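Enquirer: After the structure tokens below, expect a handful of questions from me.
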Amino acid sequence: MSASMNKHEKTNQELNDEISALKEKIREMEEKEADLIRSREILRESENKYRILLSESPDPTFSFTPAGQYTFVNKAFALGVGKPVEDIIGKTIWDVFPREEADKRFIPLSQVFRTGVEKVIEVRVPRPDGDRYYVTTITPIKNAKGDTVSAICSSKDITERKRMETQLQDREQQMRVLFEHSGTAVIIIEDDTTISLANQEFACRTGYTREEIEQRKKWTEFVYEKDLQRMIAQHRLRRESPEKAINSYEFRFRLKSGELRDTLLNINLIPGTRKSIASLIDITDRKQAEEALRESEARFRMQYQKNPVPTFTWQKMGDTFILKDFNIAANVLTRGDAAKFVNMKAREMYQNRPDILGYMNRCYTDQAVVQKELRSEYFRHARIMIVTFSYVPPDLIIAYLEDITERRQSEEALRESEEQMRSLSENIADGMVYQINSGKNGQQRLFSYVSPAVEWLHGLKADDVKQNASLIYDQVDEAYRAQLLEAEARAYKTMAKLECDLPIRLPTGDIRWRRFISSPRKYPDGSVIWDGIELDITEHRKAEEERLRLQQRLQQVEKMEAIGTLAGGVAHDLNNILGILVGYADLILVNLPQDSPLHKHVEKMMQAGVRAAAIVQDLLTLARRGVHAESVVNLNAIITDFRKTPEFENLQTSNPLIRMEFNLAPDLLNIKGSTSHVSKTFMNLLTNAVEAMPNGGRLTVTTENRNLDAPVHGYDDVREGDYVALTVSDTGEGIADEDLKHIFEPFYTKKVMGRSGTGLGLAVAWGTIKDHKGYIDVESKKNKGTAMILYFPVTREELPESSAAIPLSDYIGKDESILVVDDIKEQRELASTLLGNLNYRVAAVASGEEAVEYLKSRRVDLIVLDMIMDPGMDGLDTYIKILEIHPKQKAIIVSGFSESNRVQTAQALGAGAYLRKPYIMEKLGITIRKELDRSA
């Protein structure tokens with residue numbers, strides 16, 4: 001019973017516990033329901049807030065069901081669609097938009113419902129005022145099972161962005177077109193100098209493809225090494241301090257081929273980046289054109305300045321002309337005062353010459369050449385020519401003032417000469433003057449004039465010959481008539497002088513030789529007139545035949561005499577020219593600071609002039625008429641020095657098949673002579689030996705001391721004595737026996753004249769060795785070779801030491817007066833300048849006659865007297881006349897020619913030293929100082 005009761009009580013307890021638990025659960029549920037109610041309230045409030053926010057959002061927002069039915073739309077969406085909100089909610093997408101448009105819009109919506117994945121799309125909404133573009137985000141709304149039951153869409157109006165993107169795309173396309181088709185090489189450069197983009201023009205310019213360039217090449221690879229550092233510096237500066245960087249400059253651009261091109265670079269940073277955009281323009285042609293233009297301008301300027309006609313350049317300014325420039329001749333004309341007229345007005349300069357002002361205005365207005373003859377303060381007869389040129393500015397005119405006094409005097413003299421010639425032609429003793437009209441085709445023969453001498457020359461009347469020219473032509477020996485006709489035809493064809501010697505058979509039967517000389521000229525009607533003279537040369541022919549019978553040795557002497565005459569004349573002219581060059585070079589050295597960079601260049605000019613003077617001396621020595629200096633020299637040294645010359649190097653390089661050997665005695669004795677003569681002789685011998693071996697061979701040069709205790713009888717008889725022997729031998733063609741006796745004759749050669757020889761080389765060698773009191777021996781065999789052995793007498797004197805320069809104080813002047821007499825203007829100016837620098841008072845005259853006239857009323861301490869002056873008195877005759885005025889007049893003699901008998905005669909009369917042109921200030925000063933210090 002007790003157990004039963006416990007069991008019952010336990011059951012009630014459990015029930016109570018369950019009831020308590022149930023009440024607790026009910027209480028929890030009530031609390032949860034209260035929380036749920038509160039949450040729903042909060043949710044409704046939140047939904048209302050968000051709905052309000054979405055409704056007022058400027059971005060279109062809406063929601064819809066899987067069937068496409070709108071459950072919510074905001075004002076922005078309704079405004080975008082163009083319908084009220086209430087007309088959209090509850091409607092389907094097909095109710096709001098046209099069918100085709102609705103189908104397009106529903107496709108992405110259905111994809112979201114199907115996949116449950118958010119989707120972003122771009123939508124175009126047609127509007128009457130223009131299409132609008134939106135980016136719409138479609139977000140799925142899912143239930144507790146994860147099924148998509150709705151979707152909410154939020155749109156962002158991107159119409160303005162689309163417009164900007166479109167404009168940007170258009171602009172990018174335009175820039176791409178410009179980049180590719182600008183006609184200029186353009187590249188984009190990264191900060192690390194890599195070329196990230198290059199247009200096709202750049203690729204074409206460089207020779208690379210764009211694939212080889214872009215992202216592969218750095219711009220530094222295209223820059224010439226010497227320009228690279230400054231360009232890298234600009235590259236850095238452009239990124240660190242852009243305002244200090246240079247945006248446009250030139251550099252040298254290297255192509256793929258290695259060629260360098262002058263290039264203009266324009267470069268700037270791309271805003272907002274560290275990249276650069278650069279355009280490159282090839283300016284090589286422009287630079288070359290600019291250089292050509294500068295050279296052209298320099299040539300024009302040089303021609304302008306060196307024009308011997310005085311030239312003035314005028315510029316039009318307002319109603320007058322201003323002098324802007326003048327040339328050297330114009331400055332000389334105005335006695336060095338031309339500079340003071342620059343910028344002067346023409347009407348001020350020519351206030352008394354309205355004719356000249358009129359010519360200038362006419363030239364400028366009509367753009368035409370104006371030429372007039374007039375008298376000026378400078379010339380007795382002058383011609384002014386005023387011109388304009390297409391290649392000078394249009395406001396400039398150029399005026400030439402030419403002295404035609406001599407021309408007018410010549411024309412007057414010509415008229416007088418014609419009268420004299422007519423008188424002479426009628427009284428000529430050994431010939432006659434004639435004039436023949438050969439017509440327009442050269443076939444006619446009509447004597448328009450014959451002098452009276454035709455009667456005794458041909459035994460014919462002048463009137464008969466004028467009527468029938470064949471009377472003369474028929475007297476020509478039949479064997480020579482064809483020769484005469486051919487000579488006439490050639491002369492007519494080339495309009496050249498006709499000269500021929502023909503035998504004439506006189507009516508008496510006598511044969512006489514005549515020389516016909518005539519020159520053609522055309523008449524305005526086209527006919528050709530021949531002015532001629534006929535000379536009887538019968539006796540001359542006989543004398544010529546007699547001359548041809550003279551001995552061969554005499555012929556050689558005459559040739560050498562002719563060479564001597566030529567050499568002497570050339571030497572005189574060259575010495576006058578060289579005197580100016582050497583003198584002015586010496587004058588520059590005197591006035592040039594020792595540390596001047598030009599000093600060594602002028603010294604080289606001076607040395608070249610002195611060497612040229614030595615060459616002139618060589619000409620005189622060649623003819624054996626010059627007084628050459630005999631100095632102690634060493635033959636080995638001469639040969640060694642010659643081997644360093646360009647002539648020897650050219651001889652070697654031009655003849656690679658010839659092996660040259662030099663065996664020079666180390667103990668070779670000295671000789672006395674001229675280094676330049678011996679050097680040229682050696683060069684001539686080498687040249688002959690080389691030309692004798694066209695297919696190569698061996699050339700040997702040997703020097704040695706030889707003692708001959710007995711004469712050597714070879715080509716030349718060599719006397720006994722001590723000699724320095726020079727042997728030049730070759731393995732060439734050799735010399736035939738019949739030619740061997742002629743090889744030292746002037747102009748005798750087997751070579752092609754003008755190409756490989758003149759025939760004077762061995763003649764020069766012969767003359768030189770004889771001037772050195774030496775001998776020549778020749779050994780030759782045909783096809784075996786030739787050896788030339790030259791014997792020079794030895795001297796026991798030692799080689800001279802270099803002389804020290806004489807100080808200026810030893811020969812400076814003491815304000816003495818000197819008269820310079822020289823027929824060459826430049827020589828007078830040079831001598832006057834040098835003597836002025838030496839502290840002398842100098843006057844200068846152009847002839848002996850002027851010197852005599854000058855000294856009639858004046859005295860001078862010394863005269864610098866040129867020996868050869870033409871025309872007029874030479875130095876000796878001038879000095880004789882001066883001694884009549886001033887019996888003890890001191891003088892020195894100067895000349896470009898060798899010291900002659902007339903120089904010695906002048907010295908015997910009291911003249912001082914003889915000074916050869918060209919001279920330098922030191923030689924001139926020392927010679928004058930010695931003469932002035934010499935007691936009378």
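The values are calculated or read from the model by the stated rules, or taken from the named source; none is laboratory data. Quick caveat, the model's predicted, so the values are computed rather than measured. Ideal geometry is used to build each Cβ from the backbone, glycine not excepted, and the neighbour counts take in all protein chains shown. Surface accessibility is based on the protein's heavy atoms, side chains included, excluding ligands, DNA and RNA. Shrake-Rupley method; radii C 1.70, N 1.55, O 1.52, S 1.80 Å.
Enquirer: Only residues that are of a type in the set (S, T, N, Q) and under 57 Å from the mean Cα position of the chain (by Cα): list them for the stretch 428-464, please.
Expert: Pass one, the stretch 428-464, residues of a type in the set (S, T, N, Q): 435, 437-438, 441, 443-444, 448, 451.
Once the filter is applied, which keeps residues that are of a type in the set (S, T, N, Q) and under 57 Å from the mean Cα position of the chain (by Cα), the stretch 428-464 yields Q435, N437, S438, N441, Q443, Q444, S448.
Enquirer: Considering only residues that are among the polar types (S, T, N, Q) and buried (at least 20 other Cβ atoms within 10 Å of the Cβ), look in the stretch 662-678 and name the one that is modelled with the highest pLDDT.
Expert: N670
Enquirer: Only one of (1) open to solvent by less than 40 Å² (accessible area, probe 1.4 Å); (2) without any contact (Cβ under 8 Å) to a residue 60 or more places away in the chain is not met by Q288, so which one is it?
Expert: (1)
Each row is one residue, and each column tells you yes or no for (1) touching a residue at least 40 places away in the same chain (Cβ under 8 Å); (2) surrounded by 20 or more Cβ atoms within 10 Å (Cβ to Cβ).
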position	(1), (2)
A843	no, no
K856	no, no
V860	yes, yes
L865	yes, yes
G872	yes, no
D877	no, no
I885	no, no
K890	yes, no
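Enquirer: Then there is this: From the residues in the stretch 645-654 that are open to solvent by 40 Å² or more (accessible area, probe 1.4 Å) and not charged (D, E, K, R), which one is nearest to R698 (Cα to Cα)?
Expert: Q652
Enquirer: Pairs please, first residue from the stretch 322-341 and among the acidic types (D, E), second anywhere and in a loop (DSSP other than H, G, I, E, B) and open to solvent by less than 70 Å² (accessible area, probe 1.4 Å), Cβ atoms under 9 Å, 6+ apart in sequence or on different chains.
Expert: D325/V342
Enquirer: Return the total of residues in the stretch 231-257 being charged (D, E, K, R) and either open to solvent by less than 50 Å² (accessible area, probe 1.4 Å) or outside the structural domain of T193 (by the TED database) (or both).
Expert: 2
Enquirer: Quick one: would you say E100 is open to solvent by 30 Å² or more (accessible area, probe 1.4 Å), under 22 Å from G80 (Cα atoms), outside any strand (DSSP E or B) and modelled with pLDDT of 85 or more?
Expert: In short, yes.
Enquirer: A further question follows. Being touching a residue at least 40 places away in the same chain (Cβ under 8 Å), among the hydroxyl-bearing types (S, T, Y) and over 14 Å from V821 (Cβ atoms) is the filter here; which residues of the stretch 892-913 pass it?
Expert: Residue satisfying the conditions is S898 alone.
Enquirer: Determine which member of the set L260, L264 is within 33 Å of the chain's Cα centre (by Cα) and surrounded by 16 or more Cβ atoms within 10 Å (Cβ to Cβ).
Expert: Only one candidate passes the filter, namely L264.
Okay, residues lined up against (1) touching a residue at least 40 places away in the same chain (Cβ under 8 Å); (2) buried (at least 16 other Cβ atoms within 10 Å of the Cβ); (3) among the β-branched types (V, I, T):
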position: D59; (1), (2), (3): yes, yes, no
position: S63; (1), (2), (3): yes, yes, no
position: T71; (1), (2), (3): yes, no, yes
position: I93; (1), (2), (3): no, yes, yes
position: R105; (1), (2), (3): no, yes, no
position: L109; (1), (2), (3): yes, yes, no
position: T115; (1), (2), (3): no, no, yes
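Enquirer: Identify all residues within the stretch 151-193 that are modelled with pLDDT of 85 or more, surrounded by fewer than 15 Cβ atoms within 10 Å (Cβ to Cβ) and out of contact with any helix residue (DSSP H, G or I) (no Cβ under 8 Å at 6 or more places or on another chain); write none if there are none.
Expert: D192
Enquirer: Could you say which residue among G569, G564 is modelled with pLDDT under 70, open to solvent by 30 Å² or more (accessible area, probe 1.4 Å) and either small (G, A, S) or under 30 Å from S451 (Cβ atoms) (or both)? Working first, answer last.
Expert: On the way: G564 fails: open to solvent by 30 Å² or more (accessible area, probe 1.4 Å).
After applying the criteria, what remains is G569.
Enquirer: Sort out which residues of the stretch 179-225 are touching an Asp or Glu at 6+ places or on another chain (Cβ under 7 Å) and free of Cβ contacts under 8 Å to residues at least 60 places away in the same chain, and write them in order of number.
Expert: Answer for the stretch 179-225, where residues must be touching an Asp or Glu at 6+ places or on another chain (Cβ under 7 Å) and free of Cβ contacts under 8 Å to residues at least 60 places away in the same chain: G183, I195, L197, A198, N199, Q200.
Enquirer: Quick check on the stretch 892-936: of everything there that is among the charged types (D, E, K, R) and assigned to a loop (DSSP other than H, G, I, E, B), which residue is most open to solvent (accessible area, probe 1.4 Å)?
Expert: R934
Enquirer: Please count how many residues of the stretch 32-85 are at pLDDT 75 or above and assigned to a helix (DSSP H, G or I).
Expert: Number satisfying all stated conditions: 8.
Enquirer: Which pairs have Cβ atoms under 8 Å, sit 6 or more apart or on different chains, and link a residue in the stretch 923-936 that is free of Cβ contacts under 8 Å to residues at least 12 places away in the same chain to one that is open to solvent by less than 30 Å² (accessible area, probe 1.4 Å)?
Expert: K923/L915
Enquirer: Could you list, in sequence order, the residues of the stretch 465-508 that are more than 60 Å from the chain's Cα centre (by Cα) and surrounded by fewer than 16 Cβ atoms within 10 Å (Cβ to Cβ)?
Expert: Those that are more than 60 Å from the chain's Cα centre (by Cα) and surrounded by fewer than 16 Cβ atoms within 10 Å (Cβ to Cβ): Q467, N468, S470, D474, D477, E478, R505, L506, P507, T508.
Enquirer: Before we move on, is R407 at pLDDT below 75 and either surrounded by 12 or more Cβ atoms within 10 Å (Cβ to Cβ) or part of a loop (DSSP other than H, G, I, E, B) (or both)?
Expert: yes
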